[in-house]
Each structure stands twice: as structure tokens, then as C-alpha cells.
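Just below is one structure, and these are the notes that go with it.
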């Protein structure tokens, strides 16, 4: 087991990465001290891992709530279901909410924990690659709104992240590819050597090779823990973690959170951010080609024909990073050097949207 730490003073917490963590009662006893535990999972993950986790939590009182699977279900209505179960079972402020699942479950369980009795503790038990490398770390919680992605939420840090790499063996190939989008993001924003390693080892990752996957989980969590530790509430550097997300969230919102997985939309968004950087005279064409090749090799989309450039632009205008009516974007000077800016030529954005949205041009 490898242990990292998110340094946030009195709210610091460990990230534990290893094989078979869910079935270790001593580990759970050490990191989940509450007597009353609510496990939040979904209809896909619960049949696979709920019994193992529940057994490891004995002899506590364990209550379960199982939600439908999918980004389209990340709603206030399903958070209300979690809150209803907490109230019905008379859970007090010393309870713990455990999120067993991917990013959708983690976001909703964390938001319910942030709001129940003005805040109770929660634990992230991510079971997808995307959640293990990204969404389980950092305390962003919340739900989607028909008008935009993640517009309702709160910062609420977990007390521990338990990333059991054995759960990745049941991950469908499409979900694995989606998780690799967030991995590629880390190389792009600050680690060109990591990006180059991904170019060499992508086939191993796509094949689910355990050593390669463990390496990318470790490195991704290291980068995110460091950035969150110095900018918890996204007032500065943490915004870099949103590379590609303004484009990607527009894809998800415009298609009703049903057509594309989050990681697939982000994969396309990473390429758009690189292309936009080229249009602004920042990134070389050669670097953009490297990004496009890696995204394509990963099996992620490189064009979104179901959304028009105009529709994408409208959804980008309600992104959380918009300030004073100006869309702020994370751009790249080169692979491994990202920055946030609202100072870019508008025609560059228009050209990028026309290139990657709408019917592909011959």
C-alpha cells in the first residue's frame, strides 16, 4: 500500500492506494472511526463490492442507499434521497458517509455529507480509474443542473481516500479509457516527462496492466494533492486542474449528460485546449499533434459532431470560471506548462469551436 497526504492543516487526510483495501477491517477501523455509517453506491458498483465493504465495517451500524448509475442522475433529487435516509435512520453529526463508486457517487455523497447537519465526515472509496486519479481527491462535491455542469456544490474534504486498485479489474474498457483522459491532463499541465511516459506505455494502460495503472494513479494523486494543498478553493493554481474542462463540460451539458462519459468529453476538451493554444500562437503545431495522437490512441473522441459551435459557446458562457462576462480558459504554452487566462483573441476561440464542433469537414 502506498500512502500520500493532502496537506490542509487540521483537515489534512491520507490517500491510500493498494490492492484489496476494501476487505481490510483493521484499515477501515483505523480510518473510519464512526459508529454509524451510511454507504452510498449505485446499481452497477453495489453488486460487486458492497458486501465486501459492509462486512469489513462490522460491527458498526451500516445503512445503505443505492442510486441509479450515470452522470444524468447526478441531481439534487438523488442527493435528497441520501439526506432522507440519513434523517430516517436518525444519523447524528458523528456519523460518516462512505462513497463507494465513481465520480458521480463521490460527488453526490460528498455534497450530502457537506449539507447534512451543516457537515458530517465522509470517506471516498473510488472504484473507477477517473475517480481514483482525480475526482475523489480535493473535496469538490456537488450536482449538475440542466443549465450546466456542477453548478451546485460545496467544498468538503473527505477524511480519507481509499483507492483499491483491485476494483479496476471489473472496469469496462470504455470507463478505463475515460479515466485515462484525466491522467493525460496531469502530464499536460505540469509534467512533460509523465506525458512522454504515457506516450510509451499507453497500450499497457489500455490493457489494464496493474503495475502501469498503479504508477499513473500514484503520480496523478501526487500532482493533485500538491496543487490542492496550496490552493484548496481554486483561487489560483487549482484552476489548472480544469484544463479541457470548459470545453468538455459544454459537451456534457449540451448532450444532456447522456451521450458522452465525463472523461470522454474531457479528452476532446484537452485537444481543444491544445488547439486553442496553437491558435493563440502559444503552442507549437508539433505539440498539438502529439496531444491529438495520444488522445486518439487512448480511444477518446477528437471531434464532437453532435454539438454545434454556437451551442458549445453558449454553454461555455455559464462555466464557473467565467468572470465579468469573460470565459477564462486554461491554455498551454507547451506540454507541461499550463496557465489560466481571459486574455485571448476571440477569433481564436471561434476558430477552435468551428474546428472541433459540428459536422466534421472533409
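Does residue 113 satisfy the criteria of being buried (at least 20 other Cβ atoms within 10 Å of the Cβ), touching a strand residue (DSSP E or B) at 6+ places or on another chain (Cβ under 6 Å) and more than 21 Å from residue 261 (Cβ to Cβ)? It is true that residue 113 is buried (at least 20 other Cβ atoms within 10 Å of the Cβ), touching a strand residue (DSSP E or B) at 6+ places or on another chain (Cβ under 6 Å) and more than 21 Å from residue 261 (Cβ to Cβ). Does any residue of region 326-340 turn out to be more than 24 Å from residue 192 (Cα to Cα) and touching a helix residue (DSSP H, G or I) at 6+ places or on another chain (Cβ under 7 Å)? Scanning region 326-340 turns up at least one residue that is more than 24 Å from residue 192 (Cα to Cα) and touching a helix residue (DSSP H, G or I) at 6+ places or on another chain (Cβ under 7 Å). Of all the numbered requirements in (1) touching a residue at least 24 places away in the same chain (Cβ under 8 Å); (2) assigned by TED's automatic domain parsing to the domain that holds residue 320, residue 211 misses one, and that requirement is (1).
Kindly indicate whether residue 355 is over 17 Å from residue 250 (Cα atoms) and either without any contact (Cβ under 8 Å) to a residue 24 or more places away in the chain or more than 23 Å from the chain's Cα centre (by Cα) (or both). Taking the combined requirement at face value, the residue does not satisfy it.
Looking for something in the same structural domain as residue 32 (by TED's automatic domain parsing), in contact (Cβ under 8 Å) with a residue 24 or more places away in the chain and within 24 Å of the chain's Cα centre (by Cα) - is there at least one such residue anywhere in region 84-94? Taking every residue of region 84-94 in turn, none turns out to be in the same structural domain as residue 32 (by TED's automatic domain parsing), in contact (Cβ under 8 Å) with a residue 24 or more places away in the chain and within 24 Å of the chain's Cα centre (by Cα). Applying the set (1) under 17 Å from the mean Cα position of the chain (by Cα); (2) under 30 Å from residue 9 (Cα atoms); (3) in a helix (DSSP H, G or I) to residue 249 leaves exactly one unmet item: (2). Residue 193 meets all of the listed conditions (1) in a helix (DSSP H, G or I); (2) in contact with a strand residue (DSSP E or B) (Cβ under 9 Å, 6 or more places away or on another chain); (3) surrounded by fewer than 18 Cβ atoms within 10 Å (Cβ to Cβ) but one, namely (2).
Can you go through 187, 142 and tell me which one is assigned to a helix (DSSP H, G or I) and crowded, with 20+ Cβ neighbours inside 10 Å?
The conditions single out 187.
Residues in region 15-29 that are surrounded by fewer than 16 Cβ atoms within 10 Å (Cβ to Cβ) and under 17 Å from residue 132 (Cα atoms): 19, 20. Only one of the numbered conditions (1) touching a helix residue (DSSP H, G or I) at 6+ places or on another chain (Cβ under 9 Å); (2) closer than 18 Å to residue 270 by Cβ; (3) crowded, with 19+ Cβ neighbours inside 10 Å is not met by residue 217, and that is (2). Among the conditions (1) at pLDDT below 95; (2) over 20 Å from residue 161 (Cβ atoms); (3) touching a helix residue (DSSP H, G or I) at 6+ places or on another chain (Cβ under 9 Å), residue 232 misses just one, which is (2). I'm checking my understanding of the structure. Among residues of region 145-157 that are part of a loop (DSSP other than H, G, I, E, B) and in contact with a helix residue (DSSP H, G or I) (Cβ under 7 Å, 6 or more places away or on another chain), which one is nearest to residue 312 (Cα to Cα)? In this case the residue turns out to be 156.
The values are calculated or read from the model by the stated rules, or taken from the named source; none is laboratory data. In this text the structure is predicted, and so the values were computed from the model without any measurement. Here the Cβ is made from the backbone with ideal geometry for all residues, glycine too, and neighbour counts use every protein chain on show.
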